[in-house]
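The values are calculated or read from the model by the stated rules, or taken from the named source; none is laboratory data. From a predicted model like this one, the values you see are computed outputs, not experimental measurements. Neighbour counts are summed over all protein chains in view; Cβ atoms, including those assigned to glycine, are modelled from backbone coordinates with ideal geometry. Heavy atoms of the whole protein, side chains included, go into the accessibility calculation; ligands, DNA and RNA do not. Shrake-Rupley method; radii C 1.70, N 1.55, O 1.52, S 1.80 Å.
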Amino acid sequence: MSVGKEIKNIYDAILKICTETSHFISVVNDLFVRYGWNPVGGNGVMWDRSTHYAQPRFWLPYFQQRVFATEQDTTKGVGINIIFDEASRELMNTIPFVFCCYIKVENSGR
């Protein structure tokens, strides 16, 4: 197989992962909204991405996150996280995983 074809196959696999993750987040998002939990922070699910040529480690997302809160109590929320890889390598995870967390704001900051 040529190098160009290998690169294209890898790119197609990455695109498929992104598309499947988007579908998963959409289903979870719709369920939370149906039960009165609104997304916080717009439509973003990724942070700390780099477009710099010298930082390829951060071209790909290592996690995605969506946070929800109710209008009745914006100091409490629920977050879903999809971890593809750990940036610091502390977790040493070998497969992607999904987890949910409870969030409580202790001060007036974000």
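Points worth noting:
- Difference of contour (0.36 nm per residue) and Cα-Cα distance, LYS16 to PHE99: 27.8 nm
- Integer Hz, Karplus 6.51/-1.76/1.60 couplings in order for the stretch 93-101, x for Gly and Pro: 6, 9, 9, x, 8, 10, 9, 10, 9
- At R0 = 25 Å, FRET efficiency that the Cβ-Cβ distance of TRP47 and GLU71 yields, to 0.05: 0.55
- In the chain, the calculated helix contribution to ellipticity at 222 nm averages -10500 deg cm²/dmol per residue, counting -39,500 (n - 2.57) for every DSSP H run with n ≥ 4.
- Sequence-distant residues sharing a close amide H with ILE103 (under 5 Å, placed H): GLY77, VAL78, GLY79
- Put a plus charge on the Cβ of each Lys and Arg, a minus charge on the Cβ of each Asp and Glu, and nothing anywhere else: the dipole of the chain about its Cα centre is then about 160 debye.
- Accessible surface of the stretch 3-104 [probe 1.4 Å, protein heavy atoms]: carbon and sulfur percent: 63 percent
- Between ARG34 and PHE63, the simple label model (points 7 Å from Cα in the Cβ direction) yields a spacing of 2.8 nm.
- Cα gyration tensor category, rounded, prolate or oblate, for the stretch 1-72 with a/c compared to 1.5: oblate
- Cα-based shape type of the stretch 44-97, given that a ≥ b ≥ c are square roots of the gyration tensor eigenvalues and the cut on a/c is 1.5: oblate
- Cleavage-rule hits, trypsin sites (Lys or Arg not before Pro), the stretch 1-87, DSSP coil, Cβ neighbours within 10 Å at most 13: ARG49
- Residue separation of HIS23 and VAL78 scaled by 0.36 nm, minus their Cα-Cα distance, works out to 17.9 nm of gained length.
- Using θ = phi - 60° in the Karplus curve 6.51 cos²θ - 1.76 cosθ + 1.60, the 3J(HN,Hα) couplings for the stretch 4-18 round to x, 5, 4, 4, 5, 5, 5, 4, 4, 5, 4, 4, 5, 4, 4 Hz; x is entered for Gly and Pro.
- Solvent exposure of the chain as accessible area per residue, Å², 1.4 Å probe: 76 Å²
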